[in-house]
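The next block holds one structure in the form of structure tokens; read it before the comments.
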Amino acid sequence: MRYVQRCAMLLAVGGVLASPLPVRAHTTLRDYIQHRATVDVEGRNIDVTVELTFYEDCSVVERRRMDANGDGRIGEGEIRAYLKGEAERFERDLRLTFDGKPLELIPLFDPRIDLCGNDAVAPHFHVLKLEYFARTPRMADSGAVIELKDGLWADQPALRALETSGKDGIRATAAASKDPQVWRVKCRRPRGE
């Protein structure tokens, strides 16, 4: 199922890239943040992973914020302090609902930053990974809609991708959303399960 979802996402991205939009010469991803979400729906839990890839221009801004001592290098202590300082943003800007009712996102693991082999305050991409879970509420026979609102770094240009999966007899499929910051997942249990 994930293969089919990935192919559909690639076709959708290809269609957007092939559309007749105004473009600048030599446009690159330097000033974008890629938001990639994975929503895995199981009988007991909904697992949510959000990976943000900060490309060069956005990354250097965040790297400057991480470099608390101003020495041009980012150490493990500086990463921990940065993540601790951003914890309120993560909690505020990520929201999960199940049929319109808010669910509590519980951290599954501590947030992590991968500087991708370069600890310098320089234009080099890095990845922020956030992992949560929520308890799966009882699902109506007609199914349910899960929405993940991602307002992280909402003022920056973004590329967005969603991957879904279902387990324990639940089918989960990505659905269209009018809000580019909201990912929608339709879930249902086949009759008799």
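Go through segment 126-145 and report how many residues are part of a loop (DSSP other than H, G, I, E, B) and open to solvent by less than 80 Å² (accessible area, probe 1.4 Å). Spell out how you get there, then give the answer.
Keep residues of segment 126-145 that are part of a loop (DSSP other than H, G, I, E, B), which gives 136-143.
Adding the requirement that they be open to solvent by less than 80 Å² (accessible area, probe 1.4 Å) leaves 136-137, 139-140, 143.
The qualifying residues number 5.
Filtering 123, 107, 102 for residues that are part of a strand (DSSP E or B) and more than 15 Å from the chain's Cα centre (by Cα) leaves a single hit, 102. Against the test of being surrounded by 14 or more Cβ atoms within 10 Å (Cβ to Cβ) and either touching a strand residue (DSSP E or B) at 6+ places or on another chain (Cβ under 9 Å) or closer than 26 Å to residue 183 by Cβ (or both), the options 112, 95 yield a single qualifying residue, 95. Going through segment 71-92 one residue at a time, which ones are surrounded by fewer than 12 Cβ atoms within 10 Å (Cβ to Cβ), of a type outside the set (Lys, Arg) and modelled with pLDDT of 95 or more? Once the filter is applied, which keeps residues that are surrounded by fewer than 12 Cβ atoms within 10 Å (Cβ to Cβ), of a type outside the set (Lys, Arg) and modelled with pLDDT of 95 or more, segment 71-92 yields 71, 76, 77.
Number of residues in segment 150-193 that are charged (D, E, K, R) and in contact with a Ser or Thr (Cβ under 7 Å, 6 or more places away or on another chain) equals 3. Residue 68 fulfils the conditions (1) within 18 Å of the chain's Cα centre (by Cα); (2) open to solvent by 30 Å² or more (accessible area, probe 1.4 Å) except for a single criterion, (1). Whenever a residue of segment 94-115 is under 29 Å from residue 60 (Cα atoms), its partners that are open to solvent by 100 Å² or more (accessible area, probe 1.4 Å), lying with C-beta atoms within less than 7 angstrom and at least six residues away or across chains, give the pairs 95/102. If you go through segment 146-173 and keep only what is open to solvent by 60 Å² or more (accessible area, probe 1.4 Å), over 11 Å from the mean Cα position of the chain (by Cα) and at pLDDT 95 or above, you end up with just 147.
The values are calculated or read from the model by the stated rules, or taken from the named source; none is laboratory data. Since we're looking at a predicted model, the values are computed, not measured. All Cβ positions, glycine included, derive from the backbone under ideal geometry; neighbour counts span all protein chains shown. For the accessible areas, the whole protein counts, side chains as well, though only heavy atoms, and no ligand, DNA or RNA atoms are used. Shrake-Rupley method; radii C 1.70, N 1.55, O 1.52, S 1.80 Å.
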